[in-house]
1. Please find, among 354, 308, 321, the residue that is under 16 Å from residue 32 (Cα atoms), surrounded by 17 or more Cβ atoms within 10 Å (Cβ to Cβ) and in contact (Cβ under 8 Å) with a residue 60 or more places away in the chain.
2. Could you run through the range 38-73 and say how many residues are over 22 Å from residue 88 (Cβ atoms), surrounded by fewer than 14 Cβ atoms within 10 Å (Cβ to Cβ) and in contact (Cβ under 8 Å) with a residue 60 or more places away in the chain?
3. So which strands (runs of 3 or more DSSP E) are wholly in the range 30-82 and hold at least 2 residues that are under 21 Å from the mean Cα position of the chain (by Cα)?
4. Select from the range 143-185 the residues that are farther than 23 Å from residue 208 by Cβ, surrounded by 13 or more Cβ atoms within 10 Å (Cβ to Cβ) and touching a residue at least 60 places away in the same chain (Cβ under 8 Å) and list them in ascending order.
5. Just one of (1) more than 30 Å from residue 213 (Cα to Cα); (2) touching a helix residue (DSSP H, G or I) at 6+ places or on another chain (Cβ under 9 Å); (3) surrounded by fewer than 17 Cβ atoms within 10 Å (Cβ to Cβ) trips up residue 135, so point out which.
6. Determine whether residue 145 is closer than 30 Å to residue 247 by Cα and either touching a helix residue (DSSP H, G or I) at 6+ places or on another chain (Cβ under 7 Å) or not in a strand (DSSP E or B) (or both).
7. Looking at the range 86-108, which of its residues are part of a loop (DSSP other than H, G, I, E, B) and either at pLDDT 95 or above or buried (at least 17 other Cβ atoms within 10 Å of the Cβ) (or both)?
């Protein structure tokens, strides 16, 4: 009995030193966050944000696409948030509604935030005037000190028409997934996700994916060598010394032959770099020749006192960059461009203004 207790005590002591691995859905978030693709504007965009209180704000957005066949659009958005709850909705000129909300069942005290304990219920809805485009996503996310669990259902219908093999039984259709991510050492986390796609009663497609995350102990970041005139302290966002400064992540779906890997590193307070590789590897068979395809990209994010620059290059011949600059308090400007040499140099340019009052 004493031997068993000793083993349990050692396991408990070892687990106390483990760090939070984040969520399965956010495994590649650090790397993908520096690439400009998620921040591109196609044409022109103007946002007017009114901050009514600490918890409530509204946004008016006008957008003109570069494609003449795409008409100008208007969106109205509203956001309400507290320490435990967040609600956000947006409706366009055609009456299409997009909304999301979340509620954290664990009150976020300083201790809970430090240990990253949370139990969050989420809902996302897209209600379109064209009903086939409507969707509802339900999710429950539980995060502990060294693990995370996520359950998700997309367009779940528990009483759909019966399948052909069971005429008298209603079927459950939708897309369902469950994931688990666990830190096993101070630097390594392993995860698994199971997904069941059943868009129609007679179609069932299960899939399993596996994840590996390596985040070594953080290293001390060098301070900026120069400061703005008249400033004695660094104007850049402070860095939490407990947060990782480099992360390698890989996810693999055996059934589809899809491998996604990324590497991210924070070099200092101002500069982050990252690379990403997505591979499709399907085996040879009698009826299929198999596929060996891959796309790699490398990019960086650079913060200055008043601006943020993102840029990336892909092996497909595509180059993109985004500049976000604060012109004055409450006024920011964005300029982005993209060129695709694989398509003969085709490109696009976009710009936008954001006003806050």
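The values are calculated or read from the model by the stated rules, or taken from the named source; none is laboratory data. Worth saying up front: this structure is predicted, and the values here are computed from it rather than measured. FYI the Cβ positions are ideal-geometry reconstructions off the backbone, even for glycines, and counts take in every protein chain you see.
1. Testing whether each residue is under 16 Å from residue 32 (Cα atoms), surrounded by 17 or more Cβ atoms within 10 Å (Cβ to Cβ) and in contact (Cβ under 8 Å) with a residue 60 or more places away in the chain leaves just 321.
2. 1
3. Output list reads 73-81.
4. The answer is 145, and nothing else.
5. The number of the failed condition is (2).
6. Yes.
7. Once the filter is applied, which keeps residues that are part of a loop (DSSP other than H, G, I, E, B) and either at pLDDT 95 or above or buried (at least 17 other Cβ atoms within 10 Å of the Cβ) (or both), the range 86-108 yields only 96.
For every residue, the table says whether it meets (1) modelled with pLDDT of 75 or more; (2) within 27 Å of residue 26 (Cβ to Cβ); (3) assigned to a loop (DSSP other than H, G, I, E, B).
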| residue | (1), (2), (3) |
| --- | --- |
| 225 | no, no, yes |
| 229 | no, no, yes |
| 236 | no, yes, yes |
| 240 | yes, yes, yes |
| 248 | yes, yes, no |
| 261 | yes, yes, no |
